[in-house]
Amino acid sequence: EEHAETKDEL
Amino acid sequence: MNIFRLAGDMTHLASVLVLLLKIHTIKSCAGVSLKTQELYVIVFATRYLDIFTSFVSIYNSLMKLIFLGSSFSIVWYMRYHKAVHRTYDREQDTFRHWFLMLPCILLALLIHEKFTFFEVMWTFSLYLEAVAILPQLVLLQRTRNIDNLTGQYIFLLGGYRGFYILNWIYRYFTEPHYVHWITWISGLVQTLLYADFFYYYFLSWKNNKKLQLPA
C-alpha cells in the first residue's frame, strides 16, 4: 500500500 | 538534498545563530518579539514530533535538534534571564498570537494530506510557521529604529523559505509525483509576508541608512 512518504525536509 | 534546500537550511540556521548571538553576547532582546519566538517553539515542537520515530539522516536529526534547542533557549532567555528580560519591550509586543493558532488548527483539521495525528500536527506547524513572523513585523512597525542584528535575523528568516521555494520547484521537475500543494502554498504565503520588509531592508542597505519601516 502507498507508504506514508517520510518527511525528509526540515 | 539539493543546493537550494541546503542553502535554505543554512540560511535558517544562520538566522537562529544571529539571534542567539545577539541575545547571548550583548544580553539584549530589544526589538525582538517574544510572541514570534514562542510561536516558533510550537512550530518546531509540532513539526518534529517524529524526531524519535522516523530517521531520515544524521543531518536531518541534527538540524531538528538544533532548531528545537535554539528556539526553546531563545524563549527561555527572553522570559527568565534577568538581564535579557529587562530589555524586552512587553508594552509593544502585544500581538495576540494565541489567536493565530486557532485558525491554523482549524485549517489543519480541514485541509491536510492524510487525517492522522502526525499529519494534522505537521500541517498545523506549516500553517503556523507561515504566520509566525506577524508579531515580529508588527513590533518592527512600532519600534522606530531596529538594530542591525534584529534586521539581519528577520532578513535571513524570510530568505530561508525563499530558498525552499526554489527547492520545491527543483524537486517538482526532477522527482516524479513530487507534489505538495499545502507545503508550497503555505511556504509562498510565508515568504510573501516578508515582501515589504525585504523592500525596506533593501532600501536601507542601498541608501546605507538605518532600517525603518513606515509607521
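Derivation of every value follows stated rules applied to the coordinates shown; laboratory data play no part. In this text, all values refer to a predicted model and were calculated from it rather than measured experimentally. Glycine gets a Cβ as well: all are built from the backbone with ideal geometry, and neighbour counts include every protein chain shown.
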Exercise. Filter the cross-link list B:35/B:206; B:22/B:206; B:35/B:64 down to pairs whose alpha-carbon distance in this structure exceeds 26 Å.
Key: B:35/B:206
Exercise. Determine which residues of region B:1-29 fall in the zone a paramagnetic label at residue B:113 would reach in this model, i.e. backbone nitrogen under 17 Å from the point 7 Å along Cα→Cβ.
Key: B:1-2, B:5
Practice problem: Name the residue farthest towards the positive end of the dipole of the protein assembly as shown from the options B:23, B:180, B:53, assuming +1 on Cβ of Lys and Arg, -1 on Cβ of Asp and Glu, about the Cα centre. | Solution: B:23
Exercise. Quick one: among B:130, B:83, B:45, which has the greatest mean-square fluctuation in a GNM of chain B with alpha-carbon springs under 10 angstrom?
Key: B:83
Practice problem: Using label points projected 7 Å from each Cα along Cα→Cβ, tell me how many nm separate residue B:102 and residue B:215, to one decimal. | Solution: 3.1 nm
Self-check item: residue B:6-residue B:21 pseudo-label distance in nm [points 7 Å out on the Cα-to-Cβ vector]
Solution: 2.2 nm
Quiz item: Which value in deg cm²/dmol, rounded to the nearest 500, describes the helix-derived mean residue ellipticity at 222 nm for chain B, given -39,500 (n - 2.57) per DSSP H run of n ≥ 4 and division by the residue count?
Solution: -23500 deg cm²/dmol
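May I ask you to compute the full-extension gain from residue B:49 to residue B:82, defined as 0.36 nm times their residue separation minus their alpha-carbon distance, rounded to one decimal in nm? Intermediate values should be presented prior to the final figure.
On the way: separation 33, 0.36 × 33 = 11.88 nm, distance 3.12 nm.
Length difference between fully extended and current span is 8.8 nm.
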